Amino acid sequence: MKISSDKLAAQLKKKLPPFIWISGDEPLQLLEISDLIRHKARQQGCEERVVFDVGPQFKWGQLLQATQNQSLFGGAQLIEVRLGSHKTGKEGSHILQELARKNLGEDLFLITSAKLDATQAKSAWYKALDAQGWFIPVWPISPAQLPRWIEQRLAQHGLTAEPDALRLLAEKVEGNLLAAAQEIQKLTLFVPPGEPINAHQLIDLIQDASRFSLFDLADACLEGQLDRALRILDHLQAEGTEAPLLIWALSREIRLVARLLAQPHHFEQQCQQWRIWPQRQPLYKKALQRLSLAESHQLLLLAYQVDRAAKGSGEPFTELLLQLVSSFATRPV
């Protein structure tokens, strides 16, 4: 059953189904909806969480094996499958359909992926899971909707802003909800609850709270500013920025560069399709001049290796992350 994200709160008053699939290309909403599902799963008795990250060599049979393993605590399991932009393939399709036929008991599956295309939505595995669970599509917030979204987000923190300030902040973050959430979090440190923020105050507050952000790191890499990128990385790590956020920020931009390089003669159309704001397009043009499609694929593989290291593969995470930033800001060697 397909459920819109704005109807999810009502659905969460009910028992979770065996399968929940969240799909979309907006990371903040994906993360926050996933957190809501995890919280409900814990309330429902899932005392253990098992996570699978799907990569090129992923063995789908592990999912069947996970349903046969008893939880260490004797309770139900929340089995997470992070698909990203990977396709299920023949093996994955077969396993997903088999899981849909299987009695999972109290175990639950939470699957996250990039936006599903029309072909996937008509597949046999989609129909099998749709009959047993929820599909929650995550839609991007349009530029026209963004000021209202920011207003609602501010209200969650007890803050209000005048219309000009809302529009100014929307322009600053250029459609990036995670950037907007970070700016709002900074504002909570400087603005008393209930005090309206006007545009002039907002400019001053943002400047006062200015620090290097994940997006400064990504921009420096896109522009090929190696020294600046390394300084920002050092600053972010010193501040304790979590590894998944660093990897996400870099991987997101590399993936966009790869998509643009795949159709280099349709830059404007591609920017429109992937919602790259006009103010940011020069950054991507610089990256396209410096990188080839094959090199962008090398960077994606390196990002996957960094992600594995962050999750405990035994590989040296710090060295690999430094290599990723250096390679992205110059070119793979």
Within the set of other residues whose C-beta is less than 12 Å from the C-beta of residue 26, count the net charge using Lys and Arg as +1 and Asp and Glu as -1.
+1
Over the stretch 56-181, what is the relative contact order in percent, taking alpha-carbon pairs closer than 8 angstrom and at least six residues apart?
21
Of all accessible heavy-atom area on the stretch 1-156, the percent that carbon and sulfur account for (1.4 Å)
51
Could you derive backbone 3J(HN,Hα) for the stretch 275-284 from the dihedral phi with the Karplus parameters 6.51, -1.76 and 1.60 (θ = phi - 60°), listing whole Hz in sequence and x where the residue is Gly or Pro?
6, 8, 5, x, 5, 9, 4, x, 4, 5
Among (i) 1.15; (ii) 0.97; (iii) 0.95, only one was calculated for this model; which label is it, if the read-out is Rg/Rh (Cα atoms, Kirkwood Rh)?
(ii)
If amide hydrogens are placed 1.01 Å from N in the peptide plane, which non-local residues have theirs closer than 5 Å to the one on residue 135?
2, 3, 21
Just want to confirm a number: the relative contact order over the stretch 117-245, from Cα pairs under 8 angstrom separated by 6+ residues, in percent.
19
The chain: relative contact order from alpha carbon pairs under 8 Å, six or more residues apart, as a whole percent, is 16
How much net charge surrounds residue 233 when only the other residues with a Cβ under 13 Å from the Cβ of residue 233 are counted, with Lys and Arg +1 and Asp and Glu -1?
-4
Give the long-range amide H neighbours of residue 107: residues separated by 5 or more places, or on another chain, with amide H under 5 Å away, using H modelled in the peptide plane at 1.01 Å from N.
77
Rounded to the nearest 20 debye, dipole of the stretch 115-266 from Cβ charges on Lys, Arg, Asp, Glu:
700
Rounded to whole Hz and in sequence order, give me ³J(HN,Hα) for the stretch 214-219 from the Karplus expression 6.51 cos²θ - 1.76 cosθ + 1.60, θ = phi - 60°, writing x for Gly and Pro.
4, 6, 5, 5, 4, 5
Would you calculate a helix-derived [θ] at 222 nm for the chain, using -39,500 (n - 2.57) for each DSSP H run of n ≥ 4 and dividing by the full residue count, to the nearest 500?
-17000 deg cm²/dmol
How charged is the neighbourhood of residue 121? Take every other residue with its Cβ under 11 Å from the Cβ of residue 121, and add Lys/Arg as +1 and Asp/Glu as -1.
+2
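The values are calculated or read from the model by the stated rules, or taken from the named source; none is laboratory data. Note that the structure is predicted; figures quoted are calculated from it, not measured. Reconstructed Cβ throughout: ideal geometry from the backbone, glycine too, with neighbour counts over all protein chains shown. Please note that ligands, DNA and RNA were not included when accessible areas were found on the heavy atoms of the full protein model with its side chains. Shrake-Rupley method; radii C 1.70, N 1.55, O 1.52, S 1.80 Å.
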